[in-house]
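Visitor: Below you will find the structure I want to go over with you.
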Amino acid sequence: MAETTIIKSETTVKAFPMFTAEPAALGLIGLAVAALVLASTDLGLTSSVSKSLMIPWILFFGATAQLIAGAMDFKRKNIFGATVFTTYSMTMYSISLTIFITIFTDVTFDITHYAYGLIAILVFSIIATAASLMTNKILFAILIFVDLAVIVLIAHYLYDVSAVPAGIFLLLTSAFSFYAAAAILLNTMAGKTILPLGNAIWKP
């Protein structure tokens, strides 16, 4: 009886790590632009007649830029950036659609629905603020300003409180977001700290 020889062939494929650039600068720039546009309306710097022109800036910068940053952070396994950027991007999409409905349709609406949506976002934002204590001081400050802006906007839509303080907090959100984006971009390019972001406040 002939002996049968079985030859096994094994092929090993080496997996190379896929590097993804830091997306936080993009997300922060998106937030900064959208916050500035929203602040201009709350502060009365722009006419309510041109309110529809807010939509492209909120839609592309506040919503889409943050969505891209969030998706990239998921790939980088950065749960903080991924969750925060993605959630805020969905918030900006919702704001854009709300503005569109209130301006361009004859649909009868109750603006308090928008207020309760903001309450839900506030709950998430407070959770994110607590998590930001473990990141750096600038991100913590940004989230504090977002929290305060949302609180004032909720009061504005539910109790007709002035939206001006919300505009101030959004303006601060924009300024600090631009700073954080600049710090991340410059520090990464230089390979050293050019603009400090501050150490984590909480190190559990």
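Visitor: Which of the following residues is open to solvent by 30 Å² or more (accessible area, probe 1.4 Å) and over 20 Å from GLY27 (Cα atoms): ILE154, ILE201?
Guide: On the way: ILE154 fails: open to solvent by 30 Å² or more (accessible area, probe 1.4 Å).
Only one candidate qualifies: ILE201.
Visitor: So LEU186 clears everything in (1) open to solvent by 60 Å² or more (accessible area, probe 1.4 Å); (2) aliphatic (A, V, I, L, M); (3) under 23 Å from ILE121 (Cβ atoms) except one condition, right? Which one?
Guide: The failed condition is (3).
Visitor: Any chance the stretch 47-67 includes a residue that's closer than 24 Å to VAL152 by Cα and outside any helix (DSSP H, G or I)?
Guide: Yes, that holds for at least one residue.
Visitor: Might you let me know whether the stretch 121-132 holds any residue that is open to solvent by less than 20 Å² (accessible area, probe 1.4 Å) and either over 22 Å from ALA180 (Cβ atoms) or not polar (S, T, N, Q) (or both)? Walk me through how you get there before you give the answer.
Guide: Start the filter on the stretch 121-132 by keeping residues that are open to solvent by less than 20 Å² (accessible area, probe 1.4 Å), which leaves 125, 128-129, 132.
If we keep only those that are either over 22 Å from ALA180 (Cβ atoms) or not polar (S, T, N, Q) (or both) too, we end up with 128.
Yes: one or more hits.
Visitor: Also, quick follow-up: Anything in the stretch 157-170 that is open to solvent by 80 Å² or more (accessible area, probe 1.4 Å) and touching a residue at least 40 places away in the same chain (Cβ under 8 Å)? List them, or say none. Show your work before the answer.
Guide: Filtering the stretch 157-170 down to residues open to solvent by 80 Å² or more (accessible area, probe 1.4 Å) leaves 159-160, 168.
If the condition is that a residue be open to solvent by 80 Å² or more (accessible area, probe 1.4 Å) and touching a residue at least 40 places away in the same chain (Cβ under 8 Å), then ILE168 is the only one that fits.
Visitor: Just give me the residues in the stretch 19-46 being of a type in the set (A, V, I, L, M), crowded, with 16+ Cβ neighbours inside 10 Å and assigned to a loop (DSSP other than H, G, I, E, B), in sequence order. Steps first, answer last, please.
Guide: From the stretch 19-46, those of a type in the set (A, V, I, L, M) are 21, 24-26, 28-29, 31-39, 43, 45; that's our starting set.
Restricting the remaining residues to those that are crowded, with 16+ Cβ neighbours inside 10 Å gives 24-26, 28-29, 31-39, 43.
Listed by number, the list holds a single entry, LEU43.
Visitor: Using beta carbons and a limit of 9 Å, which pairs, at least six apart or on different chains, have the first residue in the stretch 79-92 and over 11 Å from GLY62 (Cβ atoms) and the second one of a type in the set (Lys, Arg)?
Guide: Every condition considered, the pairs that remain are ALA82/LYS75; ALA82/ARG76.
Visitor: Looking at VAL107, VAL33 in this structure, which one is of a type in the set (Val, Ile, Thr) and closer than 30 Å to ALA21 by Cβ? Show your work before the answer.
Guide: Numbers: VAL107 fails: closer than 30 Å to ALA21 by Cβ.
Of the residues listed, the single one that is of a type in the set (Val, Ile, Thr) and closer than 30 Å to ALA21 by Cβ is VAL33.
The values are calculated or read from the model by the stated rules, or taken from the named source; none is laboratory data. Note that the structure is a prediction, hence the values are computed from the model and not measured. Here Cβ is always computed from backbone atoms with ideal geometry, including for glycine, and neighbour counts include all displayed protein chains. Heavy atoms of the whole protein, side chains included, go into the accessibility calculation; ligands, DNA and RNA do not. Shrake-Rupley method; radii C 1.70, N 1.55, O 1.52, S 1.80 Å.
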